[in-house]
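Below you will find the structure I want to go over with you.
Bear in mind these aren't lab numbers, they're just calculated from the coordinates by the rules spelled out. The shown structure was predicted, so the numbers you read here are calculated from the model rather than taken from an experiment. Backbone-built Cβ (ideal geometry, glycine too); neighbour counts: all protein chains shown.
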Amino acid sequence: MTLVYLGTFVGALLLAFVSTKVVRDLANRHNWVSAPHNSRHLHTQALPRLGGVAIVFSFLCATGIGVALQRIFHPEAGLHLSSLLTILPPALLIFLLGVYDDLRTAGPYLKFGVQAIAAAILFAGGLRISDIPLLFGSHQFSWFVGLPLTIFWVMAITNAFNLIDGLDGLAAGSALFSTLVMFVVATLGNMSLVSLVTLALAGAVLGFLRYNFNPATIFLGDCGSLFVGFLLSALSLKGAQKAPTLIAVAIPLVSFGLPILETTLSIARRFISGRPVFTADREHIHHKLLEHGWSHRQVVIILYGVSAVFALLSLFLLWPTGSTLGLVLAVLGTGIWLGVQHLGYLEFGEIRRVAQRTIEQRHVFINNLAVRRAVEELKVADSVHQIHSILTAAFDSNDFDGFELRPSSTTGTRGLHVLETSVPKFSWRRAGARITPEFENAWSLTLDLVSTGNRHCGKMTIFRHYSTRDLHLDINLLTSGFATTLADALQRTTIEENEFIAAAEEPALMSAQAAG
């Protein structure tokens, strides 16, 4: 068996090495190339996208040769081809879909529709998700539950490998690590057909990588990434039929870690930012690493390392124990969290901010209530002294560091008119706040005080020192009801210059000055 496996792998590698060059040259002669036409494309020249043709050709030839050799030299192995005949037709359907997309461009509905049909064919052939023991015990799903789950799994893995195909050699290299993991699992589980198929796929991908690694001369294309992703999802379903529960569920998830992580992050951040989930952008993991100053080749090597770590961790689950599973989950969780933090996605920073604000929601309640209480008290205030005391009490328990109130020159119910230059202002500053008397080192919010009768009664400017601490207050409370109620209170109050000056001289509460 070892010689058969070795012959299958080497045969696929050599076939891919030769056929990739042939496909590349043929595509260039017929101008079947993809030119960079938007900012998401990282290549600078037109290159062919049909590398998947060479992979599929090499894979099929090597698999056929390997099956023939095994039947000749190891007939006792009992190689059953029914599963292979179940997998190959829908896989070739996916391959043709990819070829069409590479040459003509397929819409998302066509892509998902064909992928769903291909997954349904697998389900009909017996390759299906019939239970999830880790979540539901030994309960077997009915077909109307198992079919959607199977379709979801196949489509998720298929498109995950397609999604990471953004750098030279990235998708193919990641697939190679996942394929080798599946070979090890299949070999230990005495699944000779899966072992043979995975070796043929690994050899074909490795031979193709000679031309796809940076700087690439040919791309994998949708015909390659979709085919490889679909085939791996189907082989994982086949392996799950004989593997122990933990291996069947966990190993494929972990070994496909990089494409699954990329897909999950892409969907999550687009959903958070309110963009269509399937809209392409330039914020994938490899884009973020490039923005951090790494070169194209360095990013690919880094992500190869990430794929290798996922593959190694998945192999630990071949000997499942409680401590092993806990260790793998701890390493994965810590690594993913640190990695996402390092990438600097704005969407997840906003989630962190919202979570922090949720924890501090009690402070928001307290500050909002202080403003609401001030609004109610201002409704019955009948003097400048009361207005000032109410404002000081409200903002002293808030997150602002000072305010300045300048009433209008015509404020007052007695029809008093005072020259603009003689209208005093008064201000308050929080004790210990490191802001200048002119508030030059703080940001400000200025409220135009317009009464319910549409009369301008002055302005109030609120200051806050520049800092990283969050503002625990609903600003809408200040810009809506508070401003109008304060204007009504000023209009209702008889404002005379002497009254302002007397109020302004109250120790430690306000500082007043005459303008002019």
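From the Cα trace of segment 171-271, what convex hull volume per residue do you get, rounded to a whole Å³?
Taking the convex hull of the Cα positions in segment 171-271, it is 105 Å³ per residue.
Additional query: Within the set of other residues whose C-beta is less than 15 Å from the C-beta of G207, count the net charge using Lys and Arg as +1 and Asp and Glu as -1.
Overall, the nearby charge balance is +3.
Sticking with this one: Stretch A330-K379 to full length: gain in nm at 0.36 nm per residue minus the Cα-Cα span?
Net length gain for the segment: 11.9 nm.
So, one more: If amide hydrogens are placed 1.01 Å from N in the peptide plane, which non-local residues have theirs closer than 5 Å to the one on G458?
S408, L449
Here's a follow-up. Along Cα→Cβ, 7 Å out, is where each label goes; now give me the distance between the ones at L92 and L338 in nm to one decimal.
Result for the modelled spin labels: 4.8 nm.
Hey, with R₀ at 22 Å, roughly what FRET efficiency would F144 and A308 work out to, going by the Cβ-Cβ distance, to 0.05?
0.05
At R0 = 51 Å, how high is the FRET efficiency between S397 and W319 if r is their beta carbon distance? Nearest 0.05 is fine. Write down the numbers at each step before the final one.
Details: r = 59 Å, r/R0 = 1.17.
Approximately 0.30, to the nearest 0.05.
Follow-up. Quick check on segment 221-349: what does the Kirkwood estimate of hydrodynamic radius come out to from the alpha carbon pairs, in Å?
One over the average 1/r among Cα pairs gives 16.3 Å for segment 221-349.
Of all trypsin sites (Lys or Arg not before Pro) in segment 65-131, which ones are in loop regions per DSSP and have a Cβ with at most 11 other Cβ atoms within 10 Å?
Numbers: sites: R71, R104, K111, R128; in loops: R104, R128.
Passing sites in segment 65-131 are R104.
Would you mind giving the average projected area, over all directions, of the Cα convex hull of segment 2-354 in nm² with one decimal?
Values: hull surface 72.2 nm².
That works out to 18.1 nm².
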